[in-house]
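Enquirer: For reference, the structure I am asking about is given below.
The values are calculated or read from the model by the stated rules, or taken from the named source; none is laboratory data. No experiment lies behind these values; they were computed from the predicted model shown. Cβ placement follows ideal geometry from the backbone for every residue including glycine, while neighbour counts extend to all protein chains displayed. Surface accessibility is based on the protein's heavy atoms, side chains included, excluding ligands, DNA and RNA. Shrake-Rupley method; radii C 1.70, N 1.55, O 1.52, S 1.80 Å.
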Amino acid sequence: MESCPFKTVLSGGAGFALGGVFGLFMASMSYDTPMSGAAGTTPITSLPLRQQLKVGFKDMGMRSWSSAKNFGKVGAIFSGTECCIEGFRAKNDIYNGVAAGCVTGGALAASAGPQAAAFGCAGFAAFSAAIDYYLRMD
């Protein structure tokens with residue numbers, strides 16, 4: 001239970017499951033309809049009911065899968081990084097989460113360039129600090 005690979009896989013799996021449920025919920029609450037504004041496509045309202053349901057469920061599945069992958073990736077990167085930092089520092093304090101948040105945010109935004117990576121680092125670090133501070137309050 002205390003090994004970093006186990007924590008990484010567990011957090012990634014939990015993030016994947018939570019992201020899938022979240023994505024399914026958000027897709028079901030979406031106001032836009034698939035194929036509503038794409039050029040050259042038939043509006044979904046003119047399709048038969050069975051076809052409308054098929055297109056709608058396919059769209060919900062794709063959104064749910066995408067959200068699940070993103071949440072799983074964030075959970076695995078953050079948890080693995082935090083565990084490694086905690087093992088390296090041999091301390092369990094708020095700075096582990098802040099550093100892991102910075103690494104996670106920077107890694108997720110790295111493909112958009114150095115400025116995006118810096119903002120991602122700062123944003124995830126601040127969010128991690130706020131959450132850790134709240135959870136460690138007495």
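Enquirer: Tally the residues that are open to solvent by 90 Å² or more (accessible area, probe 1.4 Å), modelled with pLDDT under 85 and under 18 Å from S64 (Cβ atoms), restricting the search to the stretch 18-41.
Expert: Number of matching residues: 2.
Enquirer: Quick one: how many residues across the stretch 42-54 are modelled with pLDDT under 80 and open to solvent by 60 Å² or more (accessible area, probe 1.4 Å)?
Expert: Total satisfying the criteria: 3.
Enquirer: Of all the residues that make up the stretch 94-120, how many are open to solvent by 20 Å² or more (accessible area, probe 1.4 Å) and under 22 Å from R136 (Cα atoms)?
Expert: Number of matching residues: 6.
Listed here are the residues, each with its yes/no results for (1) in contact with a Lys or Arg (Cβ under 6 Å, 6 or more places away or on another chain); (2) farther than 16 Å from C4 by Cα; (3) in contact (Cβ under 8 Å) with a residue 24 or more places away in the chain.
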site	(1), (2), (3)
D93	no, yes, no
N96	no, no, no
T104	no, no, yes
A116	no, yes, no
A126	no, yes, yes
A130	no, yes, no
Y134	no, yes, no
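Enquirer: Let me ask another. Given the criteria out of contact with any strand residue (DSSP E or B) (no Cβ under 8 Å at 6 or more places or on another chain), open to solvent by less than 20 Å² (accessible area, probe 1.4 Å) and part of a helix (DSSP H, G or I), does A129 qualify?
Expert: no
Enquirer: Looking at (1) open to solvent by less than 60 Å² (accessible area, probe 1.4 Å); (2) under 18 Å from the mean Cα position of the chain (by Cα); (3) farther than 26 Å from M26 by Cβ, find the lone condition where I85 falls short.
Expert: Among (1) open to solvent by less than 60 Å² (accessible area, probe 1.4 Å); (2) under 18 Å from the mean Cα position of the chain (by Cα); (3) farther than 26 Å from M26 by Cβ, I85 violates only (2).
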